[in-house]
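To start, the structure itself, in structure tokens.
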Amino acid sequence: MNHFLDIHKTDPAALRSIIDSAAAMKSARQGRSRGAPDDDQPLEGQMVALIFEKPSTRTRVSFDVGVRQMGGQTMLLSGQEMQLGHGETIADTARVLSRYVDLIMIRTFDESVLIEMAEYADVPVINGLTDRTHPCQIMADILTFEEHRGPITGKKVVWSGDGNNVCASFLHAAGQFGFDLTFTGPAQLDPEAEFIELARAAGVRITIERDPHKAVEGADLVVTDTWVSMHDSQSAKERRHNMLRPYQVNSALMAAAKPDALFMHCLPAHREEEATSGVMDGPHSVVFDEAENRLHAQKAVMRWCLGV
Ligand code: CP
Ligand code: NVA
């Protein structure tokens, strides 16, 4: 049984096969309406539970549509409406859900919830975002980069802003897919040292550069994300904005990267904060391709988990 808990916990060969399978499934659907079934129906007869303890637009819709395209059925559950939100243990919830469904996707706060769910479930569990990581997003981002620019191996990725959960999964991907990553942001918001060391141990170059304009020199891809994540306290908003303002991705910063550099943002974006509309809607931006590719990448993740 294959859980998809994190990129660094997944074998590089499996990661590559997931990306290739996502690209093949995407191209097989060219010209079809969104609701049309795939030719293959590998999830026929399968039930997928989608549990959300935090808000979501992309993860929720893309998993639901993806399961349906592959012939399966979904059940959307909000943590608050389940007994999970009222004291039933994660372990008991995992055991019970395993009697009803074939696959569990969960978006939660503390990653211990995800890990316990996987430990006690008899069915595969997928990480739909925790406070610490967001692996499905980065699988979509790798697919997106490679569609536009070919293999990501050996390229330079620059993360500008908060060293948050999405940044963490980019670091994991750097080690597994073999690309260099430069982080530029305030020292208080550096990515976790453990994740930096993990990527370095895989042999890729991980650089911390406080000057964003220097950081993006030679960049093939510039990435940012919101300055205040769902798990961050709203009371820290003003302080975080003040620290992060110099790391806004605007047209001057993109002009300092390679001329054909791509710009990514997992969305939802706060326009004119972490990125300007000029960049979001400009020639470097592939943000809506990333959003679309959540669908294709996650379909491939689910097939890999279920071995179908
Ligand atoms: N990028 C992403 O995970 O978006 P949602 O929060 O809308 O799912
Ligand atoms: N870092 C953001 C990502 C949202 C998809 C958050 O955790 O809120």
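The values are calculated or read from the model by the stated rules, or taken from the named source; none is laboratory data. Since the structure is predicted, the reported quantities are computational estimates derived from the model, not experimental observations. We place every Cβ from the backbone using ideal geometry, glycine too, and count neighbours over all the protein chains shown. What goes into the accessible areas is simple: the full protein's heavy atoms, side chains included, and nothing from ligands, DNA or RNA. Shrake-Rupley method; radii C 1.70, N 1.55, O 1.52, S 1.80 Å.
Here are the numbers:
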quantity: Hits in region 87-129 - residues which are in a loop (DSSP other than H, G, I, E, B), farther than 14 Å from Leu50 by Cα and within 16 Å of ligand 2 (Cβ to nearest atom); calculated: Phe109, Asp110
quantity: In region 216-256, residue most open to solvent (accessible area, probe 1.4 Å) [restricted to those that are under 23 Å from the mean Cα position of the chain (by Cα) and among the small types (Gly, Ala, Ser)]; calculated: Ser233
quantity: Considering residues of region 146-186 that are charged (D, E, K, R) and either in contact with a His (Cβ under 6 Å, 6 or more places away or on another chain) or not in a loop (DSSP other than H, G, I, E, B) (or both) only, the residue farthest from Lys214 (Cα to Cα); calculated: Glu147
quantity: Residues located in region 286-303, provided they are within 15 Å of ligand 1 (Cβ to nearest atom), surrounded by fewer than 24 Cβ atoms within 10 Å (Cβ to Cβ) and of a type outside the set (A, V, I, L, M); calculated: Phe288, Asp289, Glu292
quantity: Residues located in region 122-141, provided they are surrounded by 24 or more Cβ atoms within 10 Å (Cβ to Cβ) and of a type outside the set (S, T, N, Q); calculated: Val125, Ile126, Gly128, Leu129, His134, Pro135, Cys136, Ile138, Met139, Ala140, Asp141
quantity: Residue that is farthest from ligand 1 (Cβ to nearest atom), among those in region 51-83 that are polar (S, T, N, Q) and over 21 Å from Leu306 (Cβ atoms); calculated: Gln83
quantity: Pairs, first in a strand (DSSP E or B) and open to solvent by less than 50 Å² (accessible area, probe 1.4 Å) in region 190-208, second among the polar types (S, T, N, Q) and modelled with pLDDT of 95 or more, C-beta under 8 Å, six or more apart; calculated: Ile206/Thr182
